[in-house]
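The values are calculated or read from the model by the stated rules, or taken from the named source; none is laboratory data. Values in this document were obtained by computation on a predicted structure and should not be read as measured data. Using ideal geometry, Cβ is built from the backbone for each residue, glycine included, and neighbour counts are taken over all protein chains shown.
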Amino acid sequence: MFYPDIMKIPQLKDLVLLGGKQGVHRPIRWLYFADCIECLDDSENLGDWIHGGELIIVTHNSITQNTNKLKQFMYAANEKNAAGFIIHVGRIAPEIIQTADELSLPLFELSLSIKLVDLSQIICKKLIEEESKENTLDRIFTDLLYKDSKNNRDLLYQAQYYGIDLQKPFCIAMFTMLFSENQWPEEKQMSIYRTNLQKFIQYEFYNLGLPNVLTLWQNDSIAVLIPLHKIKADLMPVLKRIQAHFWQFYSINFSVGISHSYHSAEGLKVAFDEAAKAVHIARTIKINDDVVFYKDMGIYSILADVENVTLLEAYYQSWLKPLMDWDALQGKDLCNTLEMYLTCNCKVTETANALFVHRNTLRYRLDKIESILGRSLDDLSFCMELQFAFKVKRYWEMTKPNSIQSLL
């Protein structure tokens, strides 16, 4: 649940946001009545009482009148990515508002007209309803992807009930968190990352008028169905905001793979696979863009569908092996020279500049390459085959077994 949901509840109309307005994107997972911390001494870590996502309610005078202790608690709660604070009217010092603004941690003033029992009942009921709805949407998405398409009429009706029409244009976006091998988080921490990335995504699409979005987690990736017919704005700023928020709280980046557009339930699985492959290909060939489109993957989208990777190895070696063997024997790197020459559209001056060598040096190398391969580089079809062979070689060297399947 998000703060705009709370502000729409008629019974909570007297709840006033005093500080931390820049943090209203924080998801609310539960309520926490924090008056129990008044018995803790200064040596104890207040952050140990927070798991993340709590909307913290503080009413005890010993806390609200102790500005330093309350600020300490706010800093500790922010470290654990709490959702925000609610404090009774008349008990919020200016310093506390400043701290909320500094941390972008929403701070609400609770009117005395709102009883705590009513506040907790209303918000908890809303949270339970939201969780139930999200579980239903997850089930619908999973069943649409993996159940027999002949039996999905009821699922399509259920999706339409939540405003999701698969007969109109949609695409799949695959958000994949990026970790180095020695920084892979423990499962408990990974669960927190998953939950909050999902909430950040839901919040941004919520602001675009999409309160219900189909999402599905697969390992370190979350698939999101984007109803293109309802998106009037450019997607890129939305994706950049999600990335910025997630980086702000967790210092974790992610890449996004975008599928082609489809407009039928039969295209859902295809779109899902395309989005996953786009991320995989971008990782494999070291594309630095945060957002990659499957339609821009070119020949790599075909290579990603080749299940027998030994065929890829056999192909590039059939064209490049003589040159590779010569480089290994002589300790040279004519393969790199040839690849750069092809990348520069066979232009000598441009290639020489890219390699930081003299034109005559490059000309000598190209003559040697022609001698080793037994073909002229003036042959356009030969150069095209060589360029494709280098792409296959690059893809083959970077691909790990079952790496695509790990995303699917």
Open item on the list: Quick check on segment 300-318: of everything there that is outside any helix (DSSP H, G or I) and exposed (fewer than 14 other Cβ atoms within 10 Å of the Cβ), which residue is modelled with the highest pLDDT?
Closed with: 308
- [ ] Kindly indicate whether residue 251 is closer than 20 Å to residue 220 by Cβ and not charged (D, E, K, R).
- [x] yes
Open item on the list: Can you tell me which residue is farthest from residue 166 (Cα to Cα) among those in segment 120-133 that are out of contact with any strand residue (DSSP E or B) (no Cβ under 7 Å at 6 or more places or on another chain) and buried (at least 16 other Cβ atoms within 10 Å of the Cβ)?
Closed with: 122
Task: Some residue of segment 87-98 being at pLDDT below 90, surrounded by fewer than 18 Cβ atoms within 10 Å (Cβ to Cβ) and in contact with a strand residue (DSSP E or B) (Cβ under 8 Å, 6 or more places away or on another chain) - done: yes
TODO: May I ask you to verify whether residue 275 is under 30 Å from residue 225 (Cα atoms) and assigned to a helix (DSSP H, G or I)?
DONE: yes
Task: Every residue from segment 335-367 that is loosely packed, with under 13 Cβ neighbours inside 10 Å and either in contact (Cβ under 8 Å) with a residue 60 or more places away in the chain or in a loop (DSSP other than H, G, I, E, B) (or both) - done: 345, 347, 356, 358
Open item on the list: I'd like the residue in segment 225-268 that is part of a helix (DSSP H, G or I) and basic (Lys, Arg) and, out of all such residues, is farthest from residue 209 (Cα to Cα).
Closed with: 240
Task: segment 83-137, subset among the basic types (Lys, Arg) and in a helix (DSSP H, G or I), residue nearest to the chain's Cα centre (by Cα) - done: 133
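From the set of residues in segment 319-334 that are without any contact (Cβ under 8 Å) to a residue 24 or more places away in the chain and assigned to a helix (DSSP H, G or I), which is surrounded by the fewest Cβ atoms within 10 Å (Cβ to Cβ)?
329
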Open item on the list: For segment 8-23, give me the residue count where each residue is under 21 Å from residue 75 (Cα atoms) and either assigned to a helix (DSSP H, G or I) or modelled with pLDDT under 85 (or both).
Closed with: 3
